[in-house]
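J.: Have a look at the structure that comes next, please.
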């Protein structure tokens, strides 16, 4: 079952750090900064123990279909972004430290 409260919080975190609106994140848009926000969202989900299937369902409920492999790829790419952009690394670390 999708925890919409958690998912909306994570969308808010991803869109804030990428400076886009939640609507942009779910739009059919492949601009780099929008894709980056989605990937950051996928990683935040992973840090909160939300699996790819639940992520797919949530994205679909917002009219944006993704595949399991896209979610996994996005999570890996998000870690690369964190290495290059300290605010993303800080965001990931804040979630990682609260889950232990």
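The values are calculated or read from the model by the stated rules, or taken from the named source; none is laboratory data. In this text the structure is predicted, and so the values were computed from the model without any measurement. Every residue, glycine among them, receives a Cβ derived from its backbone with ideal geometry; neighbour counts consider all protein chains shown.
J.: Considering the stretch 51-60 alone, what residues qualify as being surrounded by fewer than 20 Cβ atoms within 10 Å (Cβ to Cβ) and either under 16 Å from residue 76 (Cβ atoms) or touching a strand residue (DSSP E or B) at 6+ places or on another chain (Cβ under 6 Å) (or both)?
T.: Listed by number, the residues that qualify are 51, 52.
J.: Just give me the residues in the stretch 83-100 being under 13 Å from residue 18 (Cα atoms), surrounded by fewer than 18 Cβ atoms within 10 Å (Cβ to Cβ) and in contact (Cβ under 8 Å) with a residue 12 or more places away in the chain, in sequence order.
T.: 87, the sole residue that qualifies.
J.: Looking at the stretch 42-76 only, could you name the residues that are closer than 24 Å to residue 93 by Cα and assigned to a loop (DSSP other than H, G, I, E, B)?
T.: 48, 49, 50, 51, listed by residue number.
J.: Can I ask one more? Determine which member of the set 54, 89 is over 11 Å from the mean Cα position of the chain (by Cα), at pLDDT 95 or above and on the phi < 0 side of the Ramachandran plot.
T.: One residue alone meets the criteria, 54.
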